[in-house]
Amino acid sequence: MPVEQRGLSSRQTLKVVKDRRLGNLSTPISVQELQTALHAKAKAEPEYRFYTLYDKMYRKDVLEFAYRCCRANKGAAGVDAQTFQDIENYGRERWLGELAQALREESYRPEAIRRVYIPKPNGKLRPLGISCLNDRVCMMAGVVVLGPVFEADLPAEQHAYREGRNALSAVEEVRELLNTGHREVVDADLSGYFDGIPHVELLKSVARRVVDRRMLHLLKMWLEAPVEETDKRGRKIRTTINRDSQRGIPQGSPISPLMANVYMRRFILGWKRLGLEAKLDAKIVNYADDLVICCKRGTDEALMHMQQLVGKLKLKVNEEKTRTCRIPAESFDFLGYTFGKTYSSKTGRAYIGTRPSKKSIKRLLAEIRQQTDRRMTWLEAAQVVEQLNDMLVGWANYFKLGSVSKAYRAIATYTTARLRRWLCKKHKQRTGGYQCYPDVYLYQHFGLVQESFAAQWLACALPCQRFADTLTDARA
């Protein structure tokens, strides 16, 4: 019996099934048994190709779990304007049953993707694709089935969208490499990675493992789905840009993270097969489309080979942002952190470490400034403080590695000053801001989170360099 058609029942498997969770959702035992069986087979036999996966897509337990995942992620409606509440009113089981029937009969066709643009920190716009709910659930079911197969193949260098790995694990990996002598760095930037992935090459990568004709056809339909945008006059324009260019995976769709990892794997394998990892002692750390190569020697050669390899994959390197640097004489930013020389405030000794980047701090200060703008005085103070707390806690939960304490104190000073100014504007007080609203009052009465929570929640936090220049630049 093919492995796709059976589960595992060993004690070890049941333990994995019991322990694994997706966010706040416990994965059903039956789904986990399927995933564990697929992963075990893929891991044990790297050359094995899966022939029967499509029929797992419309299993009741798989579709129900995919629906729960999509609902937990929330998100806006697609081009059909259907919401989760609409589905609940219609009947969730009935809706899922009809979707399963469409998949079973191979009559399912994806709807157009609604494209919106969200601002990036650099002022540019990032395209975001919003699929209809039926497409979203189908894609999530595809991730449930395909994810365990490709997870077995992904190398340790890849940290994005994987269980037990995240952006912080990538940051820690880079820090470890720098402190073990890999101090010549290629800071690479790929131009439009998600929009530039070629469909033919991506499907070849998938077909190396999955030869289920129906599954490959489903992936192809998702990649080539039409795109609908709204122009400046409010008119809806539908194009087939992805099908015409045969490039790009829709950012924001459930399937895009997995496909992005599958294609990036080719770069990492190519790097190793060329012998560059051994020749230059060059280690890759990758998170989605962010990439650094830490070498012990030969960064110029590493840069040249990186550019050639990216070209062979039919992708583009951003020449303006890609550079080489040598630590500790120079520094570089990766995933919101700055890597380079840092000084201990206790001993004054220099060491190679991490700290929140100036760009990350400026971004947080801009959000705080926007939330405490004078135009927001119509809000209740409790609402503003709650939103500020969400920002601060979220920021601190990520920026908890390396030297952070002075950055926290600087952010606290800025936050209390902005909140005090906002309160004075709201209550039309022209003077006496600090006397009316001292720090202790903001913390105790309004419940503002203290930035000293670095010491309480983030015990790993260490002293860092001065950030006075950062705050000066951000306030300017």
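Every read-out reported here was derived from the displayed coordinates using simple, explicitly stated rules and does not represent laboratory data. This one's a predicted model, so the numbers in the text were calculated from it and none came from an experiment. Using ideal geometry, Cβ is built from the backbone for each residue, glycine included, and neighbour counts are taken over all protein chains shown.
Which net charge results for the neighbourhood of Glu229, defined as the other residues with beta-carbon distances under 10 angstrom from its beta-carbon, given Lys and Arg at +1 and Asp and Glu at -1?
Working: positive: Arg114, Arg115, Arg235, Lys236, Arg238; negative: Glu228, Asp231.
Neighbourhood net charge equals +3.
Could you tally up the Lys pairs in segment 357-460 with alpha carbons closer than 26 Å? Skip any pair fewer than 8 positions apart unless they're on separate chains.
Details: Lys358/Lys400; Lys358/Lys406; Lys359/Lys400; Lys359/Lys406; Lys362/Lys400; Lys362/Lys406; Lys362/Lys425; Lys362/Lys426.
Counting lysine pairs in segment 357-460 gives 8.
Which whole-Hz ³J(HN,Hα) couplings does segment 270-286 yield from phi under the Karplus relation 6.51 cos²θ - 1.76 cosθ + 1.60, θ = phi - 60°, glycine and proline marked x?
x, 4, 6, 5, 6, x, 6, 4, 7, 5, 9, 6, 10, 10, 9, 10, 10
Pop the C-beta distance of Leu128 and Thr377 into the FRET formula with R0 = 25 Å and round what comes out to the nearest 0.05. Can you show the working numbers first?
Values: r = 31 Å, r/R0 = 1.24.
After rounding to 0.05, the efficiency reads 0.20.
Collect residues whose amide H, placed 1.01 Å from N in the peptide plane, falls under 5 Å from the amide H of Ala288; neighbours closer than 5 in sequence don't count.
Amide H neighbours of Ala288, under 5 Å, 5+ apart: His159, Ala160.
Among 312-318, 440-446, how do they line up by average Cβ neighbours within 10 Å per residue, starting with the highest? If you can, show how the numbers build up before the last one.
Values: 312-318: 15.9, 440-446: 14.3.
The peptides rank, most packed first, as 312-318, 440-446.
Please turn the phi angles of segment 251-262 into ³J(HN,Hα) values with the Karplus equation 6.51 cos²θ - 1.76 cosθ + 1.60 (θ = phi - 60°), one per residue in order, whole Hz, x for glycine and proline.
Rounded to whole hertz, the list is 5, x, 7, x, 7, 5, x, 5, 5, 4, 5, 4.
Most exposed first by the Cβ proxy, i.e. fewest other Cβ within 10 Å, how do Tyr434, Tyr193, Tyr337 rank? Before the final figure, lay out the partial values.
Numbers: Tyr434 13, Tyr193 22, Tyr337 25.
Fewest-to-most Cβ neighbours within 10 Å comes out as Tyr434, Tyr193, Tyr337.
For a 24 Å ceiling on Cα separation, which of these pairs sit above it: Lys124/Lys236; Lys204/Lys236; Lys283/Lys346; Lys296/Lys321; Lys204/Lys296? Each step should come with its number before you reach the end.
Numbers: Lys124/Lys236 22 Å; Lys204/Lys236 34 Å; Lys283/Lys346 33 Å; Lys296/Lys321 22 Å; Lys204/Lys296 34 Å.
Where the Cα-Cα span goes over 24 Å, the pairs concerned are Lys204/Lys236; Lys283/Lys346; Lys204/Lys296.
Give, in nm to one decimal, the length gained when the segment between Ala417 and Lys272 is fully stretched (0.36 nm per residue of separation minus the Cα-Cα distance).
Numbers: separation 145, 0.36 × 145 = 52.20 nm, distance 5.20 nm.
Once the chain is fully extended between Ala417 and Lys272, it gains 47.0 nm.
Give me the distance in nm between label points sitting 7 Å out from Cα along the Cα-to-Cβ direction at Ile118 and Ile237, one decimal.
2.4
Per-residue ellipticity at 222 nm for the chain, helices alone: DSSP H runs ≥ 4 residues times -39500 (n - 2.57), over residue total, nearest 500 deg cm²/dmol?
Working: 22 runs with 236 residues, N = 476.
Computed ellipticity for the chain at 222 nm equals -15000 deg cm²/dmol.
Non-local amide H neighbours of Gln251 (under 5 Å, H modeled in plane, Pro and chain starts lacking H): which ones?
Excluding prolines and chain starts, which carry no amide H, the hits are Gly129.
In nm, to one decimal, how far is the modelled label at Lys314 from the one at Cys436, with both set 7 Å along Cα→Cβ?
Between Lys314 and Cys436, the simple spin-label model gives 6.4 nm.
Can you give me the long-range amide H partners of Arg126? Hydrogens built in the peptide plane at 1.01 Å from N, cutoff under 5 Å, separation of 5 or more residues or another chain.
Ile118, Lys120
Quick check: convex hull of the Cα atoms in the chain, volume per residue, rounded to a whole Å³?
Values: hull volume 91.4 nm³, N = 476.
In the chain, the Cα hull volume divided by residue count equals 192 Å³.
Kindly state, to the nearest 0.05, the FRET efficiency for Asn89 paired with Lys60, given R0 = 35 Å and r defined as their beta-carbon distance.
In this case the efficiency is close to 0.95.
How far is it, in nm, from the label point at Asp153 to the one at Arg349 when both lie 7 Å from their Cα along the line to the Cβ?
4.7
In whole Hz and in residue order, list the ³J(HN,Hα) couplings for segment 387-394 that follow from phi through the Karplus curve 6.51 cos²θ - 1.76 cosθ + 1.60, θ = phi - 60°; x for Gly and Pro.
5, 4, 4, 4, 4, 5, 5, x
Place the peptides 353-364, 194-205 in order of packing, highest mean first, counting for every residue the other Cβ atoms within 10 Å and averaging per peptide.
Values: 353-364: 21.1, 194-205: 17.7.
Ranked by mean Cβ neighbours within 10 Å, highest first: 353-364, 194-205.
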